[in-house]
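The values are calculated or read from the model by the stated rules, or taken from the named source; none is laboratory data. Keep in mind that what you see is a predicted model, and the values were worked out from it rather than measured. Positions of Cβ are backbone-derived with ideal geometry, glycine not excepted, and every protein chain shown enters the neighbour counts. Accessible surface areas use protein heavy atoms only, side chains included; no ligands, DNA or RNA. Shrake-Rupley method; radii C 1.70, N 1.55, O 1.52, S 1.80 Å.
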Amino acid sequence: VQLQASGGGLVQAGGSLRLSCAASGTTFVFNVMGWFRQATGKQRDMVARMSSGGLVEYADAVKGRFTISRDNAKNAVYLQMNALKPEDTAVYYCNSKHYWNTGYDYWGQGTQVTVSS
C-alpha cells in the first residue's frame, strides 16, 4: 500500500492550500483517512481524520479553518486549509488505517507546508 500526498508549499499567513492524498496498491477502502503534521523538533500530531462513513475529528488548533473530505471511490483524502498561520508550518503526513482507534498505520511520504508571517 502506498499513500501519495501532494499540495504543500509556501504561502503567506492568511492564505490557503489544499492537500491531496491517494492510496494505491490495495482494493480495500480504508475506514479512516486523515492528516497528521510534525513541526521541527515536535511530535507528530493529528490534524484531521475522517471515516468512510463520514465521522470527522479535528484538532482544536485547526477547527473552523481546515476542512477534511474524502472520495471513497478513489481511496483519497483531501485537506482544505484556510486562514493559515505561521504555527501551521510543518510537514504534513497522510495517514490511513482500517480502524478508528486501533490497527496499523499507513503513512505517506509527507509534504512540507510553510506559512510565512
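Hey, can you tell me all the residues within region 63-83 that are outside any loop (DSSP other than H, G, I, E, B), in contact with a Lys or Arg (Cβ under 9 Å, 6 or more places away or on another chain) and open to solvent by less than 50 Å² (accessible area, probe 1.4 Å)? Selection gives ILE68, ALA76, VAL77, TYR78, LEU79, MET81. Picking from residues in region 40-55 that are under 23 Å from PHE28 (Cα atoms) and open to solvent by 60 Å² or more (accessible area, probe 1.4 Å), the one that is modelled with the lowest pLDDT is GLY53.
Scanning region 101-110 for residues that are under 16 Å from ASP45 (Cβ atoms) and open to solvent by less than 70 Å² (accessible area, probe 1.4 Å) yields ASP105, GLY108, GLY110. Taken residue by residue, region 86-100 has at least one member that is open to solvent by 60 Å² or more (accessible area, probe 1.4 Å) and either under 14 Å from GLY34 (Cβ atoms) or within 10 Å of the chain's Cα centre (by Cα) (or both). When region 51-62 is filtered for residues that are closer than 28 Å to SER117 by Cβ and either under 12 Å from the mean Cα position of the chain (by Cα) or assigned to a strand (DSSP E or B) (or both), the ones remaining, listed by number, are TYR58, ALA59, VAL62.
Only a single criterion out of (1) part of a loop (DSSP other than H, G, I, E, B); (2) at pLDDT 95 or above is not satisfied by SER20, namely (1).
Every condition in (1) open to solvent by less than 50 Å² (accessible area, probe 1.4 Å); (2) assigned to a loop (DSSP other than H, G, I, E, B); (3) out of contact with any Leu (no Cβ under 6 Å at 6 or more places or on another chain) is met by GLY15 except one, and the failing one is (3).
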